[in-house]
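Contents: one structure, followed by commentary.
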Amino acid sequence: MRRSQYFLPTLKENPAEAQIVSHRLMLRAGMIRQSSAGIYSWLPLGLRVLKRIEQVVREEQNAAGAMEVLMPTIQPAELWRESGRYEDYGAEMLRIRDRHEREMLYGPTNEEQITEIFRASARSYRDLPRMMYHIQWKFRDEVRPRFGVMRGREFLMKDNYSFDVDYAGAKRSYNKMFVSYLRTFARMGLKAIPMAADSGPIGGDMSHEFQILASTGESRIYCDKRLLEFDALSSEVDYDEDLQPVVDRWTGPYAATDDKHDPAKCPVAKGDLIEARGIEVGHIFYFGTKYSKPLNCAVSGPNGELAPVEMGSYGIGVSRLAGAIIEASHDDAGIVWPEAVAPFKVGLVNLRAGDGACDSACAELYGQLRAKGVEVLLDDRQESAGAKFAEMDLIGLPWQLIVGPRGLAQGKVEIKERRTGAREELSREAAFARLAG
Ligand code: P5A
């Protein structure tokens, strides 16, 4: 992509309405634009990040054996009357009527809907287990939408639903998602800590939320520092194996949110206890037959007896993650994207646009990198070097490839790693080989 043709409305000043760093940086980097309270448009740079986050989530869901579907945003009220949640959900639910005065709602979550889909065809225990997920917009009329996309009213969620024959099977599905979440967040460069949680309006009696550490997080958390040392990606997970040992490894050491932490009863030695702030980026639930029973989603067992299926649901805040990753990864100059979710891998800076040698070196590097599948943003504008560097740092691409007349005269270009600030002068070929790898 050429910067001269790109829609990237960056801001020099800090927007007054933004209270936290990720909101400020998303607005300044031209990633999002507010439409109304808690509702945002995603501009080209922001949408690229959102899609990349989505893709990591999708790959890990598929690897765990879940199947992608797509359910609508608008649901009929009667479905929610069947489960009893239509009234229970309260003012957070956006209720609407169509032209025939039929009551509809903009889905805050999809437990009812997936159960309705599944019950129409599931007959026997042989049809189980199944996991189905979608990545779809949700609406919750939050009392206080704030912090940009971190607490929106409209937000993008990955929600997965599991169907099993019995508790043992449901626990297995739960564990699969538990492990899959550790992998998903680790791939994004995040350290996520699972902790026992309340199940709230989703219900059920087993639930974990996944919190990533960030000083601006909304939740106060306590955890054994050894939890931070575990590496979720160190071993390839084979989802056919019993995953309980992996789960025990993570839930064994102490971790709790504020409301659950009792200093008098805390089992962790003082020196090992970390007190931090966290952002909830995922939440998983086991709720057994809470929805399958009222909605009549049952299958026959090996002896022909009919029993409601055992269910769980598993959410990841996809749009929230865009903000959460920035909270976890930025510096004074701007965003520092982990490579796995960066909107472009390389920012190619032409220090003297209009200079024949610089233009042709940039065009060549741009073409070669793209031919290797590397996403490049080429700053080909006639702006000052300072302005270009400041913008590159602000938008946080992992690598800057800097081409100027002085270096080129000696056959050299410069590479800067955004995270460390480390700079290196290299030949064009060596720079290309480094970035194309
Ligand atoms: C699990 C999947 C559920 O809704 N039903 C389907 C279950 N869980 S949850 O905890 O309520 O939400 C899952 C994740 O969605 C993100 N999230 C939000 N993101 C941005 N703005 C919001 N207002 C918002 N509300 C929830 C969180 O990351 C949460 O963990």
>> Sequence gap at least 6, Cα distance under 8 Å: using those rules, report the relative contact order of the chain to the nearest whole percent.
In response: 17 percent
> Ignoring ligands, DNA and RNA, how do K176, K270 rank by accessible area with a 1.4 Å probe, largest first?
Replying inline: K270, K176
>> Expected output is a single nm value to one decimal: the length gained when fully extending between R406 and E339, i.e. 0.36 nm times separation in residues minus the C-alpha distance. What is it?
In response: 21.2 nm
>> Give the lysines whose C-alpha is closer than 19 Å to that of K260, dropping any in the same chain fewer than 8 places away, or say none.
In response: K225, K270
> Where the centroid of each part is defined by its Cα atoms, how far is the range 309-353 from the range 238-254 in Å?
Replying inline: 27 Å
> What length, rounded to one decimal in nm, is gained on full extension from R33 through to S215, with 0.36 nm per residue of separation minus their alpha-carbon distance?
Replying inline: 63.1 nm
>> Taking the solvent-accessible surface of protein heavy atoms with a 1.4 Å probe, what is the per residue accessible area of the chain in Å²?
In response: 44 Å²
>> What whole-number distance in Å separates the alpha-carbon centres of the range 48-64 and the range 162-197?
In response: 15 Å
> Which whole-Hz couplings ³J(HN,Hα) result when phi for each residue of the range 100-111 is put into the Karplus expression 6.51 cos²θ - 1.76 cosθ + 1.60, θ = phi - 60°, listed in order with x for Gly and Pro?
Replying inline: 9, 6, 6, 7, 10, 8, 8, x, x, 5, 10, 3
>> Can you give me the % of accessible surface on the chain that is carbon or sulfur? Probe 1.4 Å, all protein chains present, nothing else counted.
In response: 48 percent
> Rounded to the nearest 500, what is the chain's calculated 222 nm mean residue ellipticity when only DSSP H runs of at least 4 contribute -39500 (n - 2.57) each, over all residues?
Replying inline: -9000 deg cm²/dmol
>> Taking loop as defined by DSSP and a crowding limit of 13 other beta carbons within 10 Å, which GluC sites (Glu not before Pro) in the range 72-166 fit?
In response: E101
> Which of the pairs K51/K388; K51/K138; K345/K372 have their Cα atoms more than 18 Å apart in this structure?
Replying inline: K51/K388
>> With the crude spin-label approximation of a point 7 Å out along Cα→Cβ, what separation in nm comes out for N303 versus A357?
In response: 8.7 nm
> Based on the Cβ-Cβ distance of R249 and E17, what FRET efficiency does E = 1/(1 + (r/R0)^6) give at R0 = 30 Å, to the nearest 0.05?
Replying inline: 0.10
> Modelled label-to-label distance, Q368 and A77, 7 Å Cα→beta-carbon offset: nm?
Replying inline: 6.5 nm
> Which loop-located trypsin sites (Lys or Arg not before Pro) does the range 113-164 contain, where loop means any DSSP state but H, G, I, E or B and the Cβ has at most 13 other Cβ atoms within 10 Å?
Replying inline: R123
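The values are calculated or read from the model by the stated rules, or taken from the named source; none is laboratory data. Model, not experiment: these values are computed from the prediction. Backbone-built Cβ (ideal geometry, glycine too); neighbour counts: all protein chains shown. Surface accessibility is based on the protein's heavy atoms, side chains included, excluding ligands, DNA and RNA. Shrake-Rupley method; radii C 1.70, N 1.55, O 1.52, S 1.80 Å.
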